[in-house]
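Beneath this line is the structure, given in structure tokens, with notes to follow.
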Amino acid sequence: MPETSYIASVLAIGFAITFALRAVPFAVLEPLRHSRFVTTMAAWMPAGILAILAVSTLSDSVGTSVTSRLAAASAVAVTVAVHLLSGRRTLWSVGTGTLVYIVAVNLG
Amino acid sequence: MTPSRRAEVAAGVQASLAAGLGMYPIGIAFGLLVVQAGLPWWVAPALSVSVYAGSLELLLIGMITTATPLATIALTTLLVNFRHVFYAFTFPLRVVRNRFARIYSMYALIDEAFAVTAANPHGWTAWRLLALQMSLQTYWVGGGLTGVAIGSLLPIRLEGLEFALCALFVTLTLDACRTKSELPSLLLAAASFSFARLVVPGEALFVGLVVFVASLVARYVLVGPPEPTDA
């Protein structure tokens, strides 16, 4: 179990950085709005960062056994299919994908 | 409260319901994961009040459990939450005059609050906006507490529940890639993360994100910004 002081540091760091990212742009809105560099990065960054997080969390939750790899592959496929077919209703796609993974891992 | 204020608060709560339908169940999964990871129950509400950014909170459960260095946590927070910088362009904060209310409104500028105001850009008042944001935070903290309670009352380990975070990022990636113009970013991300996995397997997320951002800067310097679309 991690120490309480360590958890408190994580909470403080998470708060300070997240609040700054949300609040500072309101103070410096005008120069940011006209920066080609910043608006271009705004357009380019999200897809790639989210994809890296998806792959990273996938490799964290998947073990080395064939069963869990098959479970992960089918759960990702179901998540993608349900998301695109249900009109991007995140609750549905995350719910069914996770359910498929839980069932496959526990029965496999 | 005057009738018009009451109407504005009601409108804000009304606007929060659709997003809340997604946030409350994911909050329950978040609370369950905190208990399953062996962390104290109060970590769930503490994260949801201090950090208050769902996908990062889910990531932090795993990072806290494995005692990840604080520098890695800081960089991950910076990169995962960096998208919030761009919400200020359109978020209707200008309608909020009270100083403390403004601070709360900026603090509670989560993806869902941005999405709701971006989808309905007009008609916002201070009471409506704050009612929206406070409702959203209530769903999220309430979901986490519900999950913690369920996890403590039913001490069965549900193996595979952590896949919810992966599934969430898969859907967010799909939502971020609606056009072919995202393909170069995806390829650079794939290359950056593969490189990091090979070279520094223990710190692949940290190094992968840094290499990806560096590759975007290089792309900007070499190729320049995309052509403005006049169509």
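The values are calculated or read from the model by the stated rules, or taken from the named source; none is laboratory data. Note that the structure is a prediction, hence the values are computed from the model and not measured. Positions of Cβ are backbone-derived with ideal geometry, glycine not excepted, and every protein chain shown enters the neighbour counts.
If you check B:Leu79, B:Leu75, B:Leu158, which single one turns out to be in a loop (DSSP other than H, G, I, E, B) and in contact (Cβ under 8 Å) with a residue 24 or more places away in the chain? Give the derivation first.
On the way: B:Leu79 fails: in a loop (DSSP other than H, G, I, E, B); B:Leu75 fails: in a loop (DSSP other than H, G, I, E, B).
Answer to the check: B:Leu158.
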Those helices (runs of 4 or more DSSP H) lying entirely in segment A:1-69 with at least 2 residues within 22 Å of the chain's Cα centre (by Cα) and at pLDDT 85 or above: A:4-27, A:36-61
Could you figure out which of (1) at the interface with chain A (Cβ under 8 Å from one of its Cβ atoms); (2) under 26 Å from B:Thr146 (Cα atoms); (3) touching a residue at least 60 places away in the same chain (Cβ under 8 Å) isn't true of B:Gln36? (1)
Go through segment A:77-98 and give me each residue that's within 9 Å of another protein chain (Cβ to nearest Cβ) and either surrounded by fewer than 17 Cβ atoms within 10 Å (Cβ to Cβ) or not hydrophobic (A, V, I, L, M, F, W, C) (or both). A:Thr79, A:His83, A:Leu84, A:Arg88, A:Arg89, A:Thr90, A:Leu91, A:Ser93, A:Gly95, A:Thr96, A:Gly97, A:Thr98
Count of residues meeting criterion [more than 8 Å from every other protein chain (Cβ to nearest Cβ) and hydrophobic (A, V, I, L, M, F, W, C)] in segment A:54-63: 1
Residues located in segment B:94-118, provided they are without any contact (Cβ under 8 Å) to a residue 24 or more places away in the chain and within 7 Å of chain A (Cβ to nearest Cβ): B:Met106
For residues that are at the interface with another protein chain (Cβ under 7 Å from one of its Cβ atoms) and not β-branched (Val, Ile, Thr), scanning just segment B:62-74, find the one that is farthest from the chain's Cα centre (by Cα). B:Ala67
Could you tell me which numbered condition A:Val66 fails, if it satisfies all but one of (1) more than 7 Å from chain B (Cβ to nearest Cβ); (2) buried (at least 19 other Cβ atoms within 10 Å of the Cβ)? (2)
Just a yes or no: is a residue in segment B:51-61 crowded, with 16+ Cβ neighbours inside 10 Å, touching a residue at least 12 places away in the same chain (Cβ under 8 Å), within 14 Å of another protein chain (Cβ to nearest Cβ) and hydroxyl-bearing (Ser, Thr, Tyr)? yes
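Can you go through A:Val55, A:Val38 and tell me which one is crowded, with 19+ Cβ neighbours inside 10 Å and not acidic (Asp, Glu)? Working first, answer last.
On the way: A:Val38 fails: crowded, with 19+ Cβ neighbours inside 10 Å.
Exactly one residue qualifies, and that residue is A:Val55.
Suppose we filter B:Asn98, B:Asn81 for residues that are crowded, with 20+ Cβ neighbours inside 10 Å and polar (S, T, N, Q); which single one remains? Lay out the reasoning, then the answer.
Values: B:Asn98 fails: crowded, with 20+ Cβ neighbours inside 10 Å.
Checking each option against the conditions leaves just B:Asn81.
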In segment B:82-119, how many residues are modelled with pLDDT under 85 and part of a loop (DSSP other than H, G, I, E, B)? 1
Sort out which residues of segment B:179-231 are under 21 Å from the mean Cα position of the chain (by Cα), at pLDDT below 85 and more than 9 Å from chain A (Cβ to nearest Cβ), and write them in order of number. B:Phe206
Find the residue count for segment A:99-108, including only residues that are more than 25 Å from B:Cys177 (Cα to Cα), surrounded by fewer than 18 Cβ atoms within 10 Å (Cβ to Cβ) and more than 7 Å from chain B (Cβ to nearest Cβ). 3
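Only one residue in B:Val43, B:Val85 is facing chain A (nearest Cβ under 8 Å) and farther than 26 Å from A:Ala27 by Cβ, so which one is that?
B:Val43 is the lone residue from the list that is facing chain A (nearest Cβ under 8 Å) and farther than 26 Å from A:Ala27 by Cβ.
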Which listed residue is over 27 Å from B:Ala204 (Cα atoms) and among the polar types (S, T, N, Q), from A:Ser35, A:Ser5: A:Ser35
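Yes or no, residue by residue, for (1) under 24 Å from A:Met45 (Cβ atoms); (2) within 13 Å of chain A (Cβ to nearest Cβ); (3) polar (S, T, N, Q); (4) surrounded by 19 or more Cβ atoms within 10 Å (Cβ to Cβ):
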residue: B:Gln133; (1), (2), (3), (4): no, yes, yes, yes
residue: B:Gly143; (1), (2), (3), (4): no, yes, no, yes
residue: B:Val148; (1), (2), (3), (4): no, no, no, yes
residue: B:Pro155; (1), (2), (3), (4): no, no, no, no
residue: B:Glu159; (1), (2), (3), (4): no, yes, no, no
residue: B:Ala167; (1), (2), (3), (4): yes, yes, no, yes
